[in-house]
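**Q** So that we are looking at the same thing, I have put the structure below in structure tokens.
Read the figures in this text as sums done on the coordinates, not as results from a lab. Treat the numbers as computed from the prediction; the structure is a model and nothing was measured. Cβ sites come from the backbone with ideal geometry, for glycine too, and all protein chains shown count toward neighbours.
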Amino acid sequence: MIKTRFAPSPTGVLHVGGARTALFCWLFSRKVGGKFVLRIEDTDLERSTQASVQAILDGMAWLKLDHDEGPFYQTQRFDRYREVIQQLLDQDHAYYCACSKQRLEKLRETQMANKEKPRYDGCCRDQGLKPGDAENLVIRFRNPQRGEVSFEDQVKGEITVNNAELDDLIIARGDGSPTYNLSVVVDDIDMQITHVVRGDDHVNNTPRQINIFKALDAPCPLFAHVPMILGDDGKRLSKRHGAVGVMQYFEEGYLPEAMLNYLVRLGWSHGDQEIFTVEEMIEHFELSSINRAPSVFNSDKLRWINQQYLMSLPLSDIVELVVNRLNKLGVENREASGLDVIVDLYRQRVSTVNELVDSIMYCFQEFDKYDEKAARKTLKPAAIEPLQLLLKYLTELNDWQADSIHQVIENVTRELDLNMGKVGQPLRVALTGGSFSPPIDQTVAMIGKERSLRRISKAIETIFTK
Ligand code: GLU
């Protein structure tokens, strides 16, 4: 059974890079009919928070990256790590080390001064220290000193490192708590992970982890290290580049389908196809077609993809998102009927749900300002008469339906001998503040009688004389 895992540390939100790693793991497991495990690596007690666990779970749920097993929490597995550390000690694959911070610091300084790679010098390796021999003993893995570690990275190709370059890393701190490289290996063994897909910031850990797998006599998973994501300035993507937490995109009105589509194309391609349904992603995804080079995050492209999805997803989905957003903004008193017409019209013109809601807000709330250009062009003295007549007839109208409103507008054009534009357009600017809206009779119907009348009066008062 093929199994992948996503193993975030809950020290912040689920950011774009993490979400892409999760997506690649998830896609691969879905493609091969395997399992996807979610593991929360919360052993760093100082930096891990419950809020960030929740942020990760929320991000995964928003993107619909569902897991088959977990979430497992490393903090609940300390007994197991202790057991494995003891096993490594018993089999002489690990040893106690009493080197002080000061000694290690000095060693490091000397090595740096000699232009050597800073590494532990194995001082306690053969001392045979036992618990109690000194305070706060750490435990180090006895890395093989000869030979090399080689693995076939599914993205980067063969990677070989000489064991002489790897020092004896700490696997348990002075307080007995396990370090990352130990717990990750124990978990990958216990959870029977077959494919480790993760960011390439971990590629240097992999040879060390492979040595631990070997010491524990456990089969090694395959590894795929995904290159990092850069900001448009060529530096590693970070908060400096704006929104990097995926839920921030949710807040801004991006669609999960668009986010997934954008993420999958960050460092992976299938011919020159840009738009993928999730089914297509699963069908075409291969670890071997992940780019070796870093990819650059491009928010314009994300906007473009979001726009494609806004236009192409079922209208009812978009209406639901709009309704959610309106609820969130506390907008009440909205006419449910007609919302789908207006959403359908505006979704062609905006890039996010929030922009969509902003541009239809005139349906639900008064606006303070007219679109300057539209108002100057349309709210001129010639508009006074048609607006006054519309106000009169609409005040008298009781049947507030698009058909009857249409009739009123036609009557006004006939009575004043004006074409439709000379009547409909001032009315539109009066009601919406701008020069774009659904058919004017529908717009008036949707805005409702009281509001419409108020807005027409206000427009008459505002008429620009110059
Ligand atoms: N917890 C690690 C991180 O968030 C990932 C470890 C792994 O995938 O092996 O960077």
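**Q** How many angstrom lie between the Cα centre of region 284-345 and the Cα centre of region 184-202?
**A** So the two Cα centres are separated by 34 Å.
**Q** For Asp371, what residues show an amide H to amide H distance below 5 Å, using hydrogens built from the backbone and excluding near sequence neighbours?
**A** Long-range HN contacts for Asp371: Gly434.
**Q** Still on this model: With the contact rule set at Cα under 8 Å and sequence spacing of 6 or more, what percent relative contact order holds for the chain?
**A** 13
**Q** Could you give the dipole magnitude of region 164-207 about its Cα centre, charging the beta-carbon of Lys and Arg +1 and that of Asp and Glu -1, in debye to the nearest 20?
**A** Result for region 164-207 is approximately 100 debye, rounded to the nearest 20.
**Q** If I model a spin label as a point 7 Å beyond the Cα along the Cα-Cβ vector, how far apart are those points for Phe213 and Lys328 in nm?
**A** 4.1
**Q** Which of Leu431, Ala459, Gly448 sits closest to the plus end of the dipole of region 418-466, meaning its Cα is farthest towards the positive end, when Lys and Arg get +1 and Asp and Glu get -1 on the C-beta?
**A** Checked the options; the winner is Ala459.
**Q** Can you list the HN-Hα couplings for region 51-56, worked out from phi with the Karplus curve (6.51, -1.76, 1.60; θ = phi - 60°), rounded to whole Hz and with x for Gly and Pro?
**A** The phi angles translate into 4, 7, 4, 4, 4, 5 Hz.
**Q** Please give, to one decimal in nm, the separation of the simple spin-label points placed at Asp317 and Gln401, each 7 Å out from Cα toward the Cβ.
**A** 3.4
**Q** Here is a further query. Taking a ≥ b ≥ c as the square roots of the eigenvalues of the Cα gyration tensor of region 232-330, is the shape rounded (a/c under 1.5), prolate (a/b larger than b/c) or oblate?
**A** Oblate shape, in that a/c is at least 1.5 and b/c is the bigger or equal ratio.
**Q** Shifting gears a bit: Quick one: net charge around Arg347, please, counting Lys, Arg +1 and Asp, Glu -1 for every other residue with C-beta under 11 Å from its C-beta.
**A** -3
**Q** When only Cα pairs under 8 Å and 6 or more residues apart are kept, what is the percent relative contact order across region 63-174?
**A** Details: 126 pairs, mean separation 29.0, N = 112.
Normalised by residue count, the contact order of region 63-174 is 26 percent.
**Q** Counting other C-beta atoms within 10 Å, which of Thr443, Thr75, Thr194, Thr160 has the fewest, and how do the rest follow?
**A** So the residues, fewest neighbours to most, are Thr160, Thr75, Thr194, Thr443.
**Q** Cross-link candidates for Lys235: which lysines have Cα within less than 22 Å, leaving aside residues fewer than 8 places away along the same chain?
**A** List returned: Lys156, Lys301.
**Q** What FRET efficiency comes out for the pair Gln248/Arg146, r = Cβ-Cβ distance, R0 = 45 Å, nearest 0.05? Working shown, then result.
**A** On the way: r = 50 Å, r/R0 = 1.10.
FRET efficiency, Gln248 to Arg146: 0.35.
**Q** Under 30 Å from the Cα of Lys106, which lysines turn up, not counting those fewer than eight places away in the same chain?
**A** The qualifying lysines are Lys115, Lys117, Lys130.
**Q** Another one. Once amide H atoms are placed 1.01 Å from N in the peptide plane, what residues at a sequence separation of 5 or more from Ala224, or on another chain, have their amide H within under 5 Å of its amide H?
**A** Excluding prolines and chain starts, which carry no amide H, the hits are Gln154, Val196, Val197, Arg198.
**Q** Take every Cα pair under 8 Å in region 124-277 that's 6+ residues apart, average their separations, divide by the length, and report that relative contact order as a whole percent.
**A** 18
**Q** So what's the net charge close to Ala7: Lys and Arg +1, Asp and Glu -1, counting the other residues with Cβ under 9 Å from its Cβ?
**A** Cβ neighbours under 9 Å give a net charge of 0.
**Q** Tell me which lysines have Cα within less than 28 Å of Lys377's Cα, excluding those fewer than 8 residues away on the same chain?
**A** Lys369, Lys392, Lys422, Lys449, Lys458, Lys466
**Q** I want to check the label-to-label distance for Glu415 and Asp58. Put each point 7 Å from Cα in the C-beta direction and report it in nm to one decimal.
**A** Taking the simple label geometry, Glu415 and Asp58 are separated by 5.5 nm.
**Q** Name the shape class, rounded, prolate or oblate, that the alpha-carbon gyration tensor gives for the chain, where a ≥ b ≥ c are the square roots of its eigenvalues, rounded holds for a/c under 1.5, and otherwise prolate holds if a/b is larger than b/c and oblate otherwise.
**A** prolate
**Q** Using 0.36 nm times the number of residues separating Lys130 and Ile463, minus their current alpha carbon distance, what extension gain do you get?
**A** Once the chain is fully extended between Lys130 and Ile463, it gains 110.8 nm.
**Q** No other cysteine beta carbon under 4.7 Å away is the test; run it over the chain and list who passes.
**A** Cys25, Cys99, Cys123, Cys220, Cys363
**Q** OK, next. Using the per-residue mean of other Cβ atoms lying within 10 Å as a proxy for protection, in what order, highest first, do the peptides 118-130, 425-437, 386-398, 346-358 fall?
**A** 425-437, 346-358, 386-398, 118-130
**Q** Of all the Cα-Cα pairs you can form in region 369-466, what percent are over 15 Å apart? Intermediate results must be reported in sequence, preceding the final value.
**A** Working: 2544 of 4753 pairs.
When all Cα pairs of region 369-466 are counted, 54 percent exceed 15 Å.
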